[in-house]
Amino acid sequence: MPATCDVVVLLSGTGGNLQAMIDSFKDGNHPVRIRAVISNRADAFGLQRARDTGIEACVLDHKAYDGREAFDAALIELIDTFQPQLVVLAGFMRILSAGFVRHYQGRLLNIHPSLLPLYKGLHTHQRVLEAGDAEHGCSVHFVTEELDGGPLVVQAVIPVESDDSAASLAQRVHAQEHQIYPLAVRWFAEGRLSLGEEGALLDGQLLAAHGHLIRT
Ligand code: NHR
Ligand code: GAR
């Protein structure tokens, strides 16, 4: 077993994905240690989840900074006090500058509520319904400068039912997120997942363009 992998989680809201990781990594038999949770919003419920588990919770309010670059520089400084091997975006709602993404190249993951490259950006569940798609899902990807465009690690696919609403879809997608995000973080912590020149590598093998696919 490799040494522990220290992780910093960035979030802006509820923290359901944070909770899924906390629960998944609770048994002693894994190499992940969540060192800190950082939110750009002081009222994010994810901060409470962290405190309740004895994880350090920090607030860095983007409104206190003069522009994205200044905020991102302060964010880098704060994250690096924890010296993480991996930084995880879990419902973090601020676009990150090129300098930030470069600093954490190959050790920055995001989860997005769509089957990327479909539906980059916001309001994905509503857009899936409006398009009449038969399938929806979520994606874990390495973060690059291209928003929601970095190499895919794992996707979970769910069927869209005729009576689905944006809320019902969101609920089922969230349940899948809570499976695939801890899985991807565990792979990284075990040294199995990395970012290569041509995409994400699992056990040294280049993953398919859509990443590892899970169908439910
Ligand atoms: N940064 C980079 N460079 N690349 C990515 O792939 C990123 C990223 C930062 C966040 C998460 C992303 C998502 O999964 C993410 C991926 C926020 C916005 C956004 O428009 C878009 C995508 C994502 C996160 N944010 C607005 C902004 O001006 C603010 C919106 C709000 O505060 O509600 O930053 O969907
Ligand atoms: C998740 O659905 C995540 O995929 C999405 O926000 C939600 C956060 O939920 N991320 C984005 O839309 C990023 N722009 P959570 O706070 O319960 O983990």
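At-a-glance table
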| read-out | value |
| --- | --- |
| Over the chain, volume per residue of the alpha carbon convex hull, in Å³ | 124 Å³ |
| Expected-Rg normalisation [2.2 N^0.38 Å, Cα atoms] applied to the stretch 110-177 | 1.04 |
| Packing rank of 87-96, 22-31, where each peptide gets the mean count of other beta carbons within 10 Å, highest leading | 87-96, 22-31 |
| Model label zone, R68; criterion: amide N under 17 Å from point 7 Å along Cα-to-beta-carbon; scope the stretch 130-144 | 143-144 |
| Translational diffusion of the stretch 140-191, µm² s⁻¹ [Kirkwood Rh, Cα pairs; Stokes-Einstein; 25 °C; 0.890 mPa s] | 194 µm²/s |
| Mean Kyte hydropathy of -0.5 or more with a Cα span along the axis of at least 30 Å, helices from DSSP in the chain | 166-189 |
| Where N is the number of residues in the stretch 39-141, Cα Rg divided by 2.2 N^0.38 Å | 1.23 |
| For the chain, with +1 on Lys and Arg beta carbons and -1 on Asp and Glu, the positive-most of S139, A175, A189 along the dipole | A189 |
| Cβ charges +1 (Lys, Arg) and -1 (Asp, Glu), total dipole of the stretch 135-216, debye | 320 debye |
| Peptide ranges 147-158, 46-57 listed from the most packed, as the mean C-beta count within 10 angstrom indicates | 147-158, 46-57 |
| Total charge dipole magnitude, the chain, about the Cα centre, Cβ charges on Lys, Arg, Asp, Glu only, Debye to nearest 20 | 360 debye |
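Read the figures in this text as sums done on the coordinates, not as results from a lab. Here the structure is a predicted model, which is why all the values come from computation and not from measurement. Neighbour counts are summed over all protein chains in view; Cβ atoms, including those assigned to glycine, are modelled from backbone coordinates with ideal geometry.
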